[in-house]
Every structure is written in structure tokens, then in C-alpha cells.
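See structure below.
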Amino acid sequence: MQFTVKGNQEKVIIRIQGINNLIADDYWDRNWINSEIEIILPGYHANFLGDIRTEEIFSFLEQLKEISQTLSGIAELSTMEGLINLKAEINNLGHIQWTGKTTYPIGSGNTLTFNFSNDQSFLSNLITELQMITKHFSIIGNL
């Protein structure tokens, strides 16, 4: 399973590989998902592994659905440990400005910041991909 944010020549692909700790039943330990992140930009190509939390994906999906309906606002995937931050800001014409930042290894590694744009027509497929992921990987437990 994966979700992809596309621009004209740019792609941010996050491939979900599975739950990090299947035997945990604790909210904090069970909601980590092993992921592969691939970023393709003119002149750059990054590919690395890291963990994203299920609630981060759920939140990103809900925010994307909101901006898709209202054609205004911001949707952001922001990971707890700073692995990737991906922000979409949409205007009333349906143009989306994406900004991103990733650090690998987390905390002390190299940092890549980037930006690109697309339009609202790209949201439908992204939302569908995220809905499939959230159906398969639900949030386990409560805070």
C-alpha cells in the first residue's frame, strides 16, 4: 500500500510496509507503521525507511478531505519524530502549494526541503489511497 503526492515532475511516495510492533497492545507502541519514503524531484532522488504513526495518516486524510471540499486551508502530514513534514495550502482557485521537509536519519541527519505545486484534481486519488490505508491500519487503543 502506498500514497503519492504528485506535481508536474515531482513525487513524494510513502509506501506502508506494516505495523512496527504487532505484539504490543499499547497505544504508543502499536501505532507505529514501517514505511519507505521516496522523494523524486528535478535533480534529487531520496529513498529511505522510517516509521509513521497511524494517527498522523488519519489526521492528514481528514485535513485533505476538508480542503478538497472547501477549496481553502491547509493540510499537513507532520510526523512525531520529524521524519517528514508535508504541507498543502490550497487557494480558492484550487491551486495547491506543497512544501516539504525531511531529515534522515531522524534528528541528526541530512535535511531536504522542497516545494512544488499541483491543483485540486490530484486530491481525489490521494484521498482514495489514504482511505485504503486507514481501512487496513486502524488506530489501536486510546490516549
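Here are the numbers for this structure:
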item	result
Test for Q69: is it surrounded by 15 or more Cβ atoms within 10 Å (Cβ to Cβ) and more than 16 Å from T102 (Cβ to Cβ)	no
Contacts under 6 angstrom Cβ, first residue in the stretch 5-25 being within 15 Å of F137 (Cβ to Cβ) and without any contact (Cβ under 8 Å) to a residue 40 or more places away in the chain, partner surrounded by 15 or more Cβ atoms within 10 Å (Cβ to Cβ) and acidic (D, E), 6 or more apart	N20/D51
Filtered residues of the stretch 130-142 (kept if surrounded by fewer than 18 Cβ atoms within 10 Å (Cβ to Cβ) and at negative phi)	Q131, M132, T134, K135, H136, S138, I139, I140, N142
Residues of the stretch 60-92 satisfying the condition of being free of Cβ contacts under 8 Å to residues at least 12 places away in the same chain and not β-branched (V, I, T)	E62, E66, Q69
Count of the stretch 1-11 residues which are of a type outside the set (K, R), touching a Phe, Trp or Tyr at 6+ places or on another chain (Cβ under 8 Å) and not in a loop (DSSP other than H, G, I, E, B)	1
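The rows are residues; the columns are (1) within 12 Å of the chain's Cα centre (by Cα); (2) surrounded by 15 or more Cβ atoms within 10 Å (Cβ to Cβ); (3) modelled with pLDDT of 95 or more; (4) outside any helix (DSSP H, G or I).
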| position | (1), (2), (3), (4) |
| --- | --- |
| G18 | no, no, no, yes |
| A24 | no, yes, no, yes |
| I37 | yes, yes, yes, yes |
| L49 | no, no, yes, yes |
| E56 | yes, yes, yes, no |
| L77 | yes, yes, yes, yes |
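The values are calculated or read from the model by the stated rules, or taken from the named source; none is laboratory data. Quantities reported herein were computed from a predicted structural model and do not represent experimental measurements. For neighbour counting, all protein chains shown are included, and Cβ atoms are generated from backbone atoms with ideal geometry for every residue, glycine included.
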